[in-house]
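Okay, handing you the structure first.
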Amino acid sequence: MNYRFTYFLMAGMMVVLLAACDNTKYLPQGTNLFVGSKVNIKADPAIKKKASKALAGNLKSLVRPKPNSTILGARVKLTFYNMVDTPKGKGLRYLIKYKLGEPPVIAQYTVLEKDRAVMQNWLENRGYFHDTVALDTVIHHKKLTAVYNAYIGPQYTIRHINFPNDSSILSQRIRGRDTKRALKRSLFKEGAPYDLDVVMAERQRIDDRLKERGFYYFNPDYLIAEVDSTVGNHKVDIAMKVKQSTPGEARRPYRIDSVVVYADYDINSTDSSAIGAKNQGGYFIVDPNHRFNPKIFSRTLVFDSGDLYKRSDHNLSLSRLTTLGVYKFVKARFEPTPGSDSLLNAYYYLTPTLPKSLRASVSALTKSPINSTGGELTLSWRNRNTFKGAELLTVSAYAGLEDQFSSTVHVSTRRLGAEANLYVPRIIAPFRFRTNSSYIPQTKFTLGYELFNRTTEYLLTSVRGSFGYVWKENVKSEHTLNLININSVQPAHITDSFKMAMDTNILLARSIEKQFIIGSIYNYNYNTLNKPNAINKRHNFYFNGNLDLSGNLLGLATSANYNKGKEKQIFNTPFSQYTRVELEFRHQLRFGQFSSFNTRLLGGIAYAYGNSPNVPFIKEFFAGGTSDIRSFRARTLGPGSYYAGNPRDSFIADQPGDIKLELNAEYRAKLFSIVRGALFVDAGNVWTRKEDPTRPGSQFTNQFLKQMAVGVGAGLRFDINILVLRLDVAIPVRIPYYSPANPEGSGWVFDQIDFSSKDWRRNNIVYNLAIGYPF
């Protein structure tokens, strides 16, 4: 092994030595290799060193082309290019010359002179008037370095700003009510350096302002900024003016006359006749096949007849039509009303997408830590225009199986269920809900049924239904309010062996207890990663808050109190009464396109009262798993310092808690191609609010930090665009429970790590195979 390493090391050193050799002997006669550039700032008066360095860096970034790349100062790619002659085909020689290598960058005076002119123009555009850039070259052994000397004086700053002052309505809208407000809104600031980029941005700002005031035909090119640099003391006056050549239609505001909607438009059709249009709420709807209810357009479109044209309303209407989900293409066109010089007709051309679709998916799973294998088949059907009002109906049916083997137990699980969701693109309520968001608010109905059959233990039937609303303020913020949320779980066919196990393990009994949950759920989600330019942001944030209430109104109405013997039932099942709160915060710090440091803080608490002695099992918190604390088996960690046993040796029931705290940190980076790498640390646990006699050490106390589990690991992610396949390997480094492996409890176990031990690897290394990032 040592010989092989030495061989590769020597080979690498040979490549570097060869690259360090003179590559200029391969250059054509009379040419030089361009090896880089240098920019010197000659300022009079002198400027600060930091400002000079920044200015030189900006100018150097303008140099084109870039010289040949180097590794440790050696032009390795150029060496590969020169190693072989021009290949005739695409074999090994082609690979070396054109894939591993790169051709020499030949210095050309015309190109260098063009760079000099670009630099001088750049300086002038940033207020360095009447200054110059001189080009010099240094040639050594056929290697040319370009030297640019920038001789600059003081940078010109803005003295006064003027806007059009005539009485035309266009000038009035540009300057606003008074000059003071106009100057406050302007991107021009007195005393700031002159910058052409700011001039262009100011023109765009004025155009955006005019578009909000009816000037549909105006554009930034109709504005000109006259810059007077002769006022002295290295200052300029800027006068923003409207060009005399600006046409008349760009000088006046427009209002909306008629709005015509082609609700079933064929993008390949040339027919745009409005014959047969029906007037619905002030809109003319062309829909000869009656595919859509005309009312959806009065709820979706923002423009009304007589409204002043506003670009924000224009874009808002397009966004809302797109988010309806029933149109593949959305296009708007505005034309002047014949015989009027201040009215526009608005035309919307809407091309529907396929309304119905059917999808099938098959998944397989294997969980090596608990010897579990299985799979699931799901069929999903959707109709995007169920009742001709852009209602989305989704119906899915699924069937799954999973078998788990251990040295003592064989557990076979069968799942069969169906779920239907109906999204109506409006708020169905006795009150009126108005929003200026680009997203249509929705009313959501859900109905689901599931059979969960552990053939050797029990059968659970679950019926669930909900009614609520979903709405967005913007692309980052989403609210979900389920006014009515019902879930009923009923056990049946409990085997004698499982009944015996329930007598000694209260958790098994709780996991299949009868449940009737009726209440409300509110969820708020804020995610800056949903923004289109999020990948360019250094910091991104995610927050999710969830409030789950159940049985409160029923508890008040019935005076239910379990502790006083007043337990109340619905359909022969005690209804659950609890409050559950869960908060999650994430932060992403980006170092590049594929490199980032990600953190997550998650906390939750659930509290049962009134009609319930405990929080329903399905509403409890659990720790451990592929997207949780990855060095511990799913849902088996805790609570607190309680140790339930090793999941590898026997079946371990899920360990619920009333309180959860979790912290995660993960560094992600690109390795090569579609492969990403990650290093991570996970910490956390769950606890019970009260002491559980069957699980010693489970209660949350002021010593909770000593009961935090900690795990570390590394992972690979295979990003194939449509999904991310994830493999994580983790080990615990802090174990909160008391066990033979950790007799003193609540301690770090770095000294016990032994990768050479088969038993240690078997009991500590956890492999997690999953889809998607953990957070």
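The values are calculated or read from the model by the stated rules, or taken from the named source; none is laboratory data. Here the structure is a predicted model, which is why all the values come from computation and not from measurement. All Cβ positions, even for glycine, are placed from backbone atoms using ideal geometry, and neighbour counts span all protein chains on display. Accessible surface is based on the protein model in full, side chains and every heavy atom, while ligands, DNA and RNA are left aside. Shrake-Rupley method; radii C 1.70, N 1.55, O 1.52, S 1.80 Å.
Could you tell me which residue of the range 562-585 is nearest to H539 (Cα to Cα), considering only residues that are open to solvent by 60 Å² or more (accessible area, probe 1.4 Å) and of a type in the set (A, V, I, L, M, F, W, C)?
Of all residues in the range 562-585, those open to solvent by 60 Å² or more (accessible area, probe 1.4 Å) come to 562-569, 571-572, 583, 585.
Now restrict to residues that are of a type in the set (A, V, I, L, M, F, W, C): 571, 583, 585.
Values: F571: 51, L583: 20, F585: 13 Å.
Among those residues, the one meeting the criterion is F585.
Moving on. Which ones in the range 140-152 are of a type outside the set (S, T, N, Q), out of contact with any Phe, Trp or Tyr (no Cβ under 9 Å at 6 or more places or on another chain) and surrounded by fewer than 21 Cβ atoms within 10 Å (Cβ to Cβ)?
Within the range 140-152, the subset of a type outside the set (S, T, N, Q) is 140-144, 146-148, 150-152.
Right, trim to out of contact with any Phe, Trp or Tyr (no Cβ under 9 Å at 6 or more places or on another chain) and you get 140-142, 147-148, 151.
Within the range 140-152, H140, H141, K142, V147, Y151 meet the criteria.
Restricted to the range 13-41, and to residues that are open to solvent by less than 40 Å² (accessible area, probe 1.4 Å) and at pLDDT below 85, which residue is farthest from V138 (Cα to Cα)?
Among those residues, the one meeting the criterion is A19.
Here is a list: Y262, Y222. Which entry is closer than 30 Å to G127 by Cβ, aromatic (F, W, Y), crowded, with 20+ Cβ neighbours inside 10 Å and in contact with a strand residue (DSSP E or B) (Cβ under 9 Å, 6 or more places away or on another chain)? Before you say what the answer is, go through the steps one by one.
Values: Y262 fails: closer than 30 Å to G127 by Cβ.
Every option except Y222 fails the conditions.
Further question: Return the only residue of K278, K331, K310 being farther than 30 Å from N219 by Cβ, open to solvent by 40 Å² or more (accessible area, probe 1.4 Å) and in contact (Cβ under 8 Å) with a residue 12 or more places away in the chain. Lay out the reasoning, then the answer.
On the way: K331 fails: farther than 30 Å from N219 by Cβ; K310 fails: farther than 30 Å from N219 by Cβ.
The unique qualifying residue is K278.
Looking at the range 174-187, can you tell me whether even one residue there is more than 26 Å from Q120 (Cβ to Cβ), open to solvent by less than 70 Å² (accessible area, probe 1.4 Å), touching a residue at least 24 places away in the same chain (Cβ under 8 Å) and within 36 Å of the chain's Cα centre (by Cα)? Write out each step before concluding.
To start, the set of residues in the range 174-187 that are more than 26 Å from Q120 (Cβ to Cβ) comprises 174-186.
When the remaining residues are screened for being open to solvent by less than 70 Å² (accessible area, probe 1.4 Å), the result is 174-176, 178, 182-183, 186.
With touching a residue at least 24 places away in the same chain (Cβ under 8 Å) added as a condition, the list becomes 174, 186.
Applying the additional criterion that residues be within 36 Å of the chain's Cα centre (by Cα) yields 186.
Yes: the range 174-187 contains one or more residues that are more than 26 Å from Q120 (Cβ to Cβ), open to solvent by less than 70 Å² (accessible area, probe 1.4 Å), touching a residue at least 24 places away in the same chain (Cβ under 8 Å) and within 36 Å of the chain's Cα centre (by Cα).
Looking at S312, S298, S305, which one is more than 31 Å from the chain's Cα centre (by Cα), farther than 16 Å from P441 by Cβ and among the small types (G, A, S)?
Numbers: S312 fails: more than 31 Å from the chain's Cα centre (by Cα); S298 fails: farther than 16 Å from P441 by Cβ.
Only one candidate qualifies: S305.
Still on this structure, I have one more. Right, T599: modelled with pLDDT of 95 or more and open to solvent by 30 Å² or more (accessible area, probe 1.4 Å) or not? If you could, list the steps in order and put the result at the bottom.
Numbers: modelled with pLDDT of 95 or more: yes; open to solvent by 30 Å² or more (accessible area, probe 1.4 Å): yes.
Spelling it out, T599 is indeed modelled with pLDDT of 95 or more and open to solvent by 30 Å² or more (accessible area, probe 1.4 Å).
Turning to a different aspect of this structure: Considering each of L59, L78 in turn, give the residue that is under 26 Å from L144 (Cβ atoms), under 42 Å from the mean Cα position of the chain (by Cα), part of a helix (DSSP H, G or I) and modelled with pLDDT under 95.
Step by step, each of L59, L78 is checked, and only L78 is under 26 Å from L144 (Cβ atoms), under 42 Å from the mean Cα position of the chain (by Cα), part of a helix (DSSP H, G or I) and modelled with pLDDT under 95.
How many of the residues making up the range 744-775 are aromatic (F, W, Y) and within 34 Å of the chain's Cα centre (by Cα)? So that I can check it myself, show each step before the final result.
Kept after step one, since they are aromatic (F, W, Y), are these residues of the range 744-775: 748, 750, 755, 760, 767, 773, 775.
Now drop any that are not within 34 Å of the chain's Cα centre (by Cα), which leaves 767, 773, 775.
Adding up the residues that qualify gives 3.
Considering Q588, Q593, which residue is within 18 Å of Y667 (Cβ to Cβ), surrounded by 15 or more Cβ atoms within 10 Å (Cβ to Cβ) and not hydroxyl-bearing (S, T, Y)?
Going through Q588, Q593 in turn, the sole match is Q588.
Does the range 544-555 hold any residues that are touching a strand residue (DSSP E or B) at 6+ places or on another chain (Cβ under 7 Å) and loosely packed, with under 15 Cβ neighbours inside 10 Å, and which are they?
G545
Moving to a separate point now. In the range 110-139, which residues are within 15 Å of P65 (Cα to Cα), open to solvent by 50 Å² or more (accessible area, probe 1.4 Å) and of a type in the set (V, I, T)? Reasoning before the result, please.
Let us first name the residues in the range 110-139 that are within 15 Å of P65 (Cα to Cα), namely 110-119.
Next, only the ones that are open to solvent by 50 Å² or more (accessible area, probe 1.4 Å) stay: 110, 113-114, 118.
Result: T110, V118.
Inspect the range 580-591 for any residue being in contact with a Ser or Thr (Cβ under 9 Å, 6 or more places away or on another chain) and without any contact (Cβ under 8 Å) to a residue 40 or more places away in the chain and give the result as yes or no.
Of all residues in the range 580-591, those in contact with a Ser or Thr (Cβ under 9 Å, 6 or more places away or on another chain) come to 580, 585-590.
Then keep just the ones that are without any contact (Cβ under 8 Å) to a residue 40 or more places away in the chain; that gives 580.
For the range 580-591, residues in contact with a Ser or Thr (Cβ under 9 Å, 6 or more places away or on another chain) and without any contact (Cβ under 8 Å) to a residue 40 or more places away in the chain: present.
Could you pull out every one of the helices (runs of 4 or more DSSP H) wholly within the range 488-587 that has 1 or more residues that are of a type in the set (D, E, K, R)? So that I can check it myself, show each step before the final result.
Values: elements: 496-504, 506-511, 552-558.
Result: 496-504, 506-511.
Which of the residues that make up the range 621-640 are among the hydroxyl-bearing types (S, T, Y) and either at pLDDT 95 or above or open to solvent by less than 10 Å² (accessible area, probe 1.4 Å) (or both)?
So the first thing to find is which residues in the range 621-640 are among the hydroxyl-bearing types (S, T, Y), and the list is 626-627, 631, 636.
Residue satisfying the conditions is S631 alone.
Only one residue in S520, S462, S497 is loosely packed, with under 14 Cβ neighbours inside 10 Å and over 30 Å from G592 (Cβ atoms). Which one?
Values: S520 fails: loosely packed, with under 14 Cβ neighbours inside 10 Å; S462 fails: loosely packed, with under 14 Cβ neighbours inside 10 Å.
Selected residue: S497, the only one of S520, S462, S497 that is loosely packed, with under 14 Cβ neighbours inside 10 Å and over 30 Å from G592 (Cβ atoms).
Give me the residue from the range 188-214 that is part of a loop (DSSP other than H, G, I, E, B) and touching a residue at least 60 places away in the same chain (Cβ under 8 Å) and, out of that set, farthest from D257 (Cα to Cα). Before the answer, list the steps.
So the first thing to find is which residues in the range 188-214 are part of a loop (DSSP other than H, G, I, E, B), and the list is 188-192, 194-195, 212-214.
Those still in the list that are touching a residue at least 60 places away in the same chain (Cβ under 8 Å) too: 194-195, 212-214.
Numbers: Y194: 43, D195: 41, E212: 17, R213: 16, G214: 13 Å.
Restricting to residues being part of a loop (DSSP other than H, G, I, E, B) and touching a residue at least 60 places away in the same chain (Cβ under 8 Å), the top hit is Y194.
Next question. Of all residues in the range 507-523, count the ones that are closer than 28 Å to F467 by Cβ and either basic (K, R) or in contact with a His (Cβ under 7 Å, 6 or more places away or on another chain) (or both).
1
Which pairs turn up if I take residues in the range 514-526 that are within 11 Å of Q577 (Cα to Cα) and look for partners that are open to solvent by 50 Å² or more (accessible area, probe 1.4 Å) and modelled with pLDDT of 95 or more with beta carbon separation below 7 Å, at least 6 apart in sequence or on another chain?
Sorted first by the residue in the range 514-526, then by its partner, the pairs are I517/I486; I518/I486; G519/L549.
Against the definition (farther than 22 Å from E190 by Cβ, within 45 Å of the chain's Cα centre (by Cα), surrounded by fewer than 19 Cβ atoms within 10 Å (Cβ to Cβ) and not polar (S, T, N, Q)), how does A107 come out, yes or no?
Values: farther than 22 Å from E190 by Cβ: yes; within 45 Å of the chain's Cα centre (by Cα): yes; surrounded by fewer than 19 Cβ atoms within 10 Å (Cβ to Cβ): no; not polar (S, T, N, Q): yes.
No; evaluated as a whole, the condition is false for this residue.
Next question. Can you tell me how many residues within the range 377-391 are at pLDDT 95 or above, in a strand (DSSP E or B) and open to solvent by less than 40 Å² (accessible area, probe 1.4 Å)?
2
Another question about this same structure. Restricted to the range 226-256, and to residues that are assigned to a strand (DSSP E or B) and under 40 Å from the mean Cα position of the chain (by Cα), which residue is surrounded by the fewest Cβ atoms within 10 Å (Cβ to Cβ)? Break it down stepwise before answering.
Step one: filter the range 226-256 for residues assigned to a strand (DSSP E or B), giving 226-228, 235-242, 255-256.
If we keep only those that are under 40 Å from the mean Cα position of the chain (by Cα) too, we end up with 255-256.
Values: R255: 17, I256: 24.
That would be R255.
Test of understanding: among I535, I618, which residue is at pLDDT 90 or above and either open to solvent by 60 Å² or more (accessible area, probe 1.4 Å) or not aliphatic (A, V, I, L, M) (or both)? So that I can check it myself, show each step before the final result.
Numbers: I535 fails: at pLDDT 90 or above.
When all the criteria are applied, what remains is I618.
Let me ask something else about it. What tally of residues in the range 188-206 results from selecting those that are under 18 Å from R159 (Cα atoms) and surrounded by 14 or more Cβ atoms within 10 Å (Cβ to Cβ)?
Of all residues in the range 188-206, those under 18 Å from R159 (Cα atoms) come to 188-199, 202.
From the residues that got through so far, the ones that are surrounded by 14 or more Cβ atoms within 10 Å (Cβ to Cβ) too are 188, 193-196, 198-199, 202.
Residues in the range 188-206 being under 18 Å from R159 (Cα atoms) and surrounded by 14 or more Cβ atoms within 10 Å (Cβ to Cβ): 8 in total.
Could you tell me whether any residue of the range 369-376 is among the hydrophobic types (A, V, I, L, M, F, W, C), exposed (fewer than 14 other Cβ atoms within 10 Å of the Cβ), at negative phi and at pLDDT below 95?
At the first step, the residues of the range 369-376 found to be among the hydrophobic types (A, V, I, L, M, F, W, C) are 370.
Among the residues that remain, those that are also exposed (fewer than 14 other Cβ atoms within 10 Å of the Cβ) are: none.
Checking the range 369-376: not a single residue is among the hydrophobic types (A, V, I, L, M, F, W, C), exposed (fewer than 14 other Cβ atoms within 10 Å of the Cβ), at negative phi and at pLDDT below 95.
Considering only the range 114-151, how many residues are aliphatic (A, V, I, L, M), closer than 20 Å to T31 by Cα and under 45 Å from the mean Cα position of the chain (by Cα)?
Count: 2.
Only residues that are under 24 Å from L308 (Cβ atoms) and small (G, A, S): list them for the range 154-213, please.
The answer is S167, S168, S171, G176, A182, S186.
Can I ask one more? Would you confirm whether or not the range 685-708 contains a residue that is closer than 24 Å to F775 by Cα, open to solvent by 70 Å² or more (accessible area, probe 1.4 Å) and at pLDDT below 90?
So far as the range 685-708 goes, no, none of its residues is closer than 24 Å to F775 by Cα, open to solvent by 70 Å² or more (accessible area, probe 1.4 Å) and at pLDDT below 90.
Can you tell me which of A346, A332, A360, A364 is among the small types (G, A, S), modelled with pLDDT of 90 or more and farther than 30 Å from R213 by Cβ? Lay out the reasoning, then the answer.
Details: A346 fails: farther than 30 Å from R213 by Cβ; A332 fails: farther than 30 Å from R213 by Cβ; A364 fails: modelled with pLDDT of 90 or more.
Matching residue, one of A346, A332, A360, A364: A360.
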